[in-house]
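Since the structure comes first, as structure tokens, the remarks are kept for the end.
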């Protein structure tokens, strides 16, 4: 077990290293960092000095090493656009994104699992067919259209919910600001989180349904029925549990995607998170922010994948056995 | 549909069953008809409409903001109205759909042409080749395509001048989306190739010293291409959505050759001002297009390979 | 009274090309302590019959005619909630592949106790004791230790023993064993057959042994029913049927009598193959392959006709003069 | 749909860990919720000369001289002033004023602030570059000595905000932030002015909260009832309008003009309009020998005034006004507005007529009967519908055979093209904070003007422009100004489009005077 975790950690470290390398090249070779840093009056001599001082004349491997050390200490340089340390910018916006993703993930998993179970277990119920058709429409609606639609209906027409922003936020200790402690914060998160969750909900719903249909065809479910087990035990004990491994994989990936898709949602809802920061960075070619965001998102993915791996363990005894050997 | 029918694998499936299943799925029929119509309208745009919405010289600013023909102030010359530059919305949608389809299809073709060879190689050889390819695919698969596409676009935007960027924007977008989505095709192909590898006819082919490449192309490929193409159908829908999203975010297709996503972004600023048609019709077209392709993909999957997801 | 008494059941599958009759007018019964072998080619309808008894026909298949009596009680069209209580309790089922019959995510102990507790009112500790006793009974060594093991930790034969234990756990009066040995090694097959035989004898359980392996039948069954294309072709005492098959199809089967372990996928001594359900010929389903086919064979289905005094019956016009089963 | 603006104290609606989670409403507060398209890039009052930065600055800082809602100059931190001699101005400072941190305001702070605005890193140098020295007479009297007589010194001082010397030294911000070199200083996110509002919290691009300064000296003069201002930049047009329509903000100073009708027809909302001191125009590069982006090589067609006239005749300004600007613009024939000294209606109201045929004829005469290709550089987030105007222009030019590639980009990139003088044909808007033509001459007509990307100018013209800087006599000055304009109107280095109109959309219970600088001052506002 410990070996397995170590192995996985090692693998994750390699992934992070690769991402860091990409990010490093992005940072250092896409656009000249010096000309991005200095004004137009700077002389060639000054620029060379600066180059020397920043160590840009060192061998690439040395520079990369320095980049890694800086990154490990959370130092990603200064944003070209906002003239502030990137890590500060990201730290300020991370809570907003993570809270949005958290609420969306709960919605997506909750609705996805419930819908998937219903449609998987009651295949021919009219409501299942309704859910499936709706979910296909859900997949076909781009996130931004859903967002615009929701704003139009619930903010403008009905005036029930705010159309933008996070509402009132409360600063907690440790630099975390939360919108989940105020009424207006909760109101503000409803539309964006639904928008963000919809696509993932349909994906989770469909994967659970198709896994469930597959499991329901297996011999051990037939055998369980032949043993006269209660359908509740069969459905939720045996069938659902056996769908979990693929479902956990997909759900893990989807939660990761939520972070990436929050770029769109944050743009539509003016949600002050990392995604909005990133899209502005792309538009303004703000390379330090882009490379830091890339590393951060990769880190999230790696962590989620590690959690997924550990969950496999909890769920599937065969894996536990495999690793033991 | 059509590309699928080319493959040998199609022949293995009872024609009778497929036709039957198709004819008894009204939704699929409607979706197919809608898709064909949209394809025809998109690629026949230059024959079907007199307007050339993206030739600035042909625009009449004085005809801007005309509502659809059936609304008060509408004009039958502009069936779906005009936008803020006097562009005919219907014509803009036709040309925009063309861009969306081209980007969607070409990027999927690119993904497929990266994914299938790598998948076959991984599945056929196994061992460390397999591990290397699939580990890489796994890593890339964890990062959503939209993020990869955004990154690639961001880099090209930084390195290229705006003039050059405008020219290469569409190819860059196709490459971004294409490169971002190959792993799923590699995965499917690989599992197929692994199954084929163990079959007797492959052993026979090896015995008579058929070159490996020939075995892969002549024997393995035809057997794995079917499922891949089904997934590719849905892939087209996904690619169209990614393109639209990027364009909506303002980092995709430039407004000189707008796609549906660009049209929606442009129209979005008129959402509250009463000129709903500028954003509604492109959005509606996009949704119908994606929905139709998805429905066809779903049907193909259910009919030919119920186990695929 | 027979434990299970099936008379004249038909099982139909409505499809878009019309209704397929998968099993037609089939009757058989099994006494306590008796093993009835049910033999036939793949798709003949033998497994369907077993499924029909426990009410596990896959929709849209359903029983359209006839009755199934379990200890005299009509269970043909019991509602699912009633049927569920019979399954596992009164009727135990064993499937072909022990590798896939067990839920891989639960310990075998958990699966056993779950089944026991579903049907019997007892404490968890009692259920565990019962489960260990069962494991012992089916010949699992060191059952206390193995109780907490997962299915993947057992070999195929051991897993089939666990499956049998699961089928037995509520003292059923009928066991339906659907190809219980097909997926196992030859040496293990014999052990499992012995186990089934002993259980049937000692506990007086009626056993329906579905297989396409004549060797297994010869080894284990008391009586044998031969099914061809959804219809009963011949039924009788195992020795009589093997030694003196009456139906031309059975005869063909016996001529190509296989060794233990050889499957009846094809019958080299009979030309052609079993017809598809939707292309079943008029009259006797076997007539196109039958060397002695007469004109009546091509027009009318033969009823079961008694061919001897020892309860051997065959559905063949060749015995037209004998007692007909109604 | 419209609520009375909620002015519950935030603490009241917080579900915090406090013992009374949903406490009874605390004393009602007047919160003005303001949204605009983009945030101030810095809060350092001397680091950047841009509208939004000035707007942010003016809420928290005072200048010696200020303006009232009618744009008259009124006393600010200076109670009175007099011109002792042509080069010397004496200011009597207001006594008893304190900075937000409690430090007293006095002559040292004034001297410090003006020197700070003159520092190398300051971008407000243009307002103080004629000042040679600032002398302290006593704690509340100073003298400003200029190099030459400066007729517009007071207008310039309006934009120079007073900072606290002690505070600046304490936080190591005695020099302005070097904006170009992306320096990060304490003053970028913190302020300590004497102004009407104190900075409560600042989250760049997200939210800035200002609270009423109860000790402000101007609370008597400007009776406003705003306790708190919550300023949220919302970049997306639709979202910004949606926020106003749904009652989440009270004031937009840059509503998308296509949405004004919809706002007007919404219950509880109103739109105030006024002419803005900003004119939109196109600039031609008339200096380079070859255009950067054109199929014509070896010669610059824009050097030929016939080509410039041809472009002028090709613009259907009425269509742009009606369709793109929804009527909210005044077509212009001059690049300055009526209140500016030097303006003449007969020029402004007599644009070259829309006449594409004449354009073609002129192009043919100039030797381009088949037209040529160019690039139009255009901002896409600076002026009202800037990109749409440029797009419309592309179409109009196409009709006379000019193939135009539109290069629309965010203002940051666009302005660096203009100030870098790397553009052939570009859109620019200009406003004049000093209300005098001299300002625009210095920047746009002088051959060395820092924003003169057209390269327009001649030694004679430069001499005249330099001359008026030192002339105090109005008649003599205006005569030369007239001469300069006559020349400019004839040469057409800039193709005037229109004077922008300002419209502010707000809730009906907000009362705030709209002013032509497009700079809301929240201490003029009242919420009912």
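Rounded to the nearest 10 degrees, the inclination of helix D:51-60 to the longest alpha-carbon principal axis of chain D is 20 degrees. Taking the DSSP bridge list for the protein assembly as shown and keeping only pairs wholly inside it, about 70 percent are antiparallel.
Across the range B:185-261, counting alpha-carbon atoms alone, Rg and Dmax equal 19.4, 58 Å. Stokes-Einstein diffusion for the range C:188-252 at 10 °C, viscosity 1.306 mPa s, with a Kirkwood radius from C-alpha pairs, works out to 126 µm²/s.
For chain A, the mean residue ellipticity at 222 nm estimated from helices alone is -24500 deg cm²/dmol, where every DSSP H run of n ≥ 4 contributes -39500 (n - 2.57) and the total is divided by all residues, rounded to the nearest 500.
Would you mind estimating how fast the range B:38-308 diffuses translationally, via Stokes-Einstein at 20 °C and 1.002 mPa s with the Kirkwood radius over Cα pairs, in µm²/s? D = 105 µm²/s. Summary value for the range B:38-308: 21 percent relative contact order, contacts being C-alpha pairs under 8 angstrom separated by 6+ residues. Summarised as an ellipsoid, the range D:388-492 has semi-axes of 30, 15, 12 Å, derived from the eigenvalues of the Cα gyration tensor scaled by 5 and square-rooted, with the largest first.
The residues D:446, D:499, when put in order of fewest to most other Cβ atoms within 10 Å, stand as D:446, D:499. Counting only Cα atoms, the range D:43-187 measures 41, 31, 31 Å along its principal axes, largest extent leading. By the equivalent-ellipsoid construction on the alpha carbon gyration tensor, the range C:4-221 comes out with semi-axes of 29, 20, 16 Å, ordered largest to smallest. Fewest-first ordering of D:81, C:313 by other beta carbons within 10 Å of each residue's beta carbon gives D:81, C:313. Note on the range D:277-499: Rg/Rh from C-alpha atoms, Kirkwood Rh, equals 0.95.
Computed from Cα atoms, the angle from the helix D:459-468 axis to the main principal axis of chain D rounds to 30 degrees. If you run the Gaussian network model on chain A, springs between alpha carbon atoms under 10 Å, then out of A:279, A:248, A:221 the most flexible one is A:221. Run the numbers on the range D:277-499 and let me know its relative contact order in percent, using alpha-carbon pairs under 8 Å that are six or more apart. Relative contact order for the range D:277-499 comes out at 32 percent. Start at zero, step by 10 Å, and the Cα-Cα distances of chain A spread as 5, 20, 26, 23, 16, 7, 2, 1, 0 percent across the bins. The long axis of helix A:126-140 is offset from the longest Cα principal axis of chain A by roughly 20 degrees. Counting pairs of Cα atoms in chain D, how many percent are more than 30 Å apart? In whole percent, the share of Cα-Cα pairs in chain D beyond 30 Å is 53.
Stretching residue D:486 away from residue D:143 to a fully extended chain increases their span by 119.7 nm, per 0.36 nm per residue minus the current alpha-carbon distance. Computed from the C-beta positions of residue B:109 and residue A:249 and an R0 of 22 Å, the FRET efficiency is 0.20 to the nearest 0.05. Site pair residue B:284 and residue C:310 shows an inter-label distance of 8.2 nm when each label is modelled 7 Å from Cα along Cα→Cβ. Of the residues C:312, C:300, C:111, the one that moves most in a GNM of chain C with alpha-carbon contacts below 10 Å is C:300. Distances between every pair of Cα atoms in the range A:112-199, grouped in 5 Å steps from 0 to the bin holding the largest one, split as 3, 13, 16, 15, 15, 14, 12, 7, 3, 1, 0 percent. Here the relative contact order of chain A, from alpha carbon pairs under 8 Å that lie six or more residues apart, stands at 26 percent.
Translational diffusion coefficient of the range D:249-321 (Stokes-Einstein, Kirkwood radius from Cα pairs, 37 °C, 0.692 mPa s): 200 µm²/s. Projected label points at residue A:122 and residue C:187, each 7 Å from Cα along the beta carbon direction, are separated by 5.3 nanometres.
When only alpha carbons of the protein assembly as shown are considered, Rg and Dmax amount to 41.7, 146 Å.
Ranked for footprinting exposure by Cβ neighbours inside 10 Å, fewest first, D:383, B:201 give B:201, D:383.
When the helices of chain C are scored as -39500 (n - 2.57) per DSSP H run of n ≥ 4 and the total is divided over every residue, the value at 222 nm lands at -9000 deg cm²/dmol.
For chain D, adding -39500 (n - 2.57) for each run of n ≥ 4 DSSP H residues and dividing by the number of residues yields -7000 deg cm²/dmol at 222 nm.
Coordinate-derived values only; no laboratory data. Source: prediction; values computed, not measured. Counting neighbours? That spans all protein chains shown, and the Cβs are built from the backbone with ideal geometry, glycine included.
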